[in-house]
1. Which percent of the accessible area of the stretch 117-215 is formed by carbon and sulfur heavy atoms (probe 1.4 angstrom)?
2. Quick one: which of Lys191/Lys284; Lys133/Lys194; Lys127/Lys187 span more than 23 angstrom between C-alpha atoms?
3. Could you work out the relative contact order of the stretch 164-218, using alpha carbon pairs under 8 angstrom and six or more residues apart, expressed as a whole percent?
4. Does the stretch 93-132 come out rounded, prolate or oblate, given a ≥ b ≥ c as the square roots of the eigenvalues of its C-alpha gyration tensor, rounded meaning a/c under 1.5 and, failing that, prolate meaning a/b above b/c?
5. Please list 316-323, 232-239 highest first by mean number of surrounding beta-carbon atoms within 10 Å per residue.
6. When a/c reaches 1.5 or more, the comparison of a/b and b/c decides; with that in mind, is the stretch 255-304 rounded, prolate or oblate per its Cα gyration tensor?
7. So, counting K/R as plus one and D/E as minus one, what does the shell of residues with Cβ under 10 Å around Arg307 add up to?
8. Spin-label point model (7 Å from Cα, Cβ direction): what's the Ser110 to Arg257 distance in nm?
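The values are calculated or read from the model by the stated rules, or taken from the named source; none is laboratory data. Quick caveat: nothing in here was measured; it's all calculated off a predicted structure. Cβ placement follows ideal geometry from the backbone for every residue including glycine, while neighbour counts extend to all protein chains displayed. Accessible surface areas use protein heavy atoms only, side chains included; no ligands, DNA or RNA. Shrake-Rupley method; radii C 1.70, N 1.55, O 1.52, S 1.80 Å.
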Amino acid sequence: LAQRSAAAAGQASAATWLDRIERKARSALLCLPWEQLVKRISFFAAKIAAVQTSSLRCCESPSRVLSWRLGSGKPRYPASVSAMPCSHATYLEAFHALNSIADVDRLRDSGQLGLDHDALLSILSRKVVDQTKVTIGRHRRPEVCQAYITRLYKGETLLSIANDICLPPSMLARIILEQHFGLKKGKEVGKYIKSPGLIDDPRLREAVTEAVEGDIYYGPRGDAVRRLAGLEYECTLHQTLRSRGIPFLTEDELRARDEARTPDVLFPVPVCVRGRQIHWIDSKATFGSVASHAEYHATQYSAYLHRFDGGLVIYWFGFDESIDNDPRVLLLDRFPTTDCELMSHFAIASPGTASVLSTNEALAEDIINASEEGVILAGAR
């Protein structure tokens, strides 16, 4: 977008425009009400989708710029390593070594594990989330929560208290709001987290605002960055498929058809990728660890396998090699540029399985409709 703006203005450098876009994006994250923020992210995602893949890759990833700025207030740049599968031993070493953003910087700069910034940050975020689920109960005890409130009104900030007790700042803000206002977990507290300006107490309002803005693990700001990253990589995947001339249905199109299962991409015409027949793709802008992959497999992939047969999962930030244990689910860190082609013959083996091997999109649409009605098709055009 910065390069297109610079070209329209007759300027050689896009640096000024990129800086303006970063400032506007950060302003949107920090100042817009939550509902408008979601709409704005969707708008930016649509803009990204309109840009050719080559243009998108020439400038810094917007989700990376935002995630780094939320973390430190200054941009960071990835090491010269790309996302890729790693050994289980490497993953465990990274998991135990990561305890803060400073550890992400240290391991990224050293390059000793061969993991880039996004992979390390993803591993750390998952670790913090899992640890929080285990420890949050004791922080919610009334006497413990009251002690945190006392420390707050004695001059400490929620950020310093959260760092001292190893709890994400916005999660600490949540439990203090629950205790201070007697609110129930969920939407009642969520509205104050999303809009701290609704809090009447000026000391608490300032503390909650600071905690939410400084939290990259929990809260609406971190969620917005992760959501934007997910949309960005889905757009990249869609652009790649279109550039290869591969017909597909998006998640939104599947929802419009009232499909019960909606992977990010469904192929009406199956694709042969590295010798394996692929019917669907799920895009994950995260690192594939043992725990996260098992959770996704139980809640998403198993349903896709039952409905559509084999598929492809892209973990854009890399994955632990030990999770690659299902022959029906191909794991990659990007969509391959070679060893990928549409299959030229078709045979649907059972109702509900769109095993279509054809290059004609209209025929593929007929096959999907027939499959939904329980018709078993076989033949060639």
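1. Whole-percent figure for carbon plus sulfur exposure: 52.
2. The pairs that break the limit, which is 23 Å between Cα atoms, are Lys191/Lys284; Lys127/Lys187.
3. Reported as a whole number, the value is 46 percent.
4. Taking the square roots of the gyration eigenvalues as a ≥ b ≥ c, the stretch 93-132 is prolate.
5. 316-323, 232-239
6. Note, shape of the stretch 255-304 comes out oblate.
7. Charge balance near Arg307 sits at -1.
8. 5.0 nm
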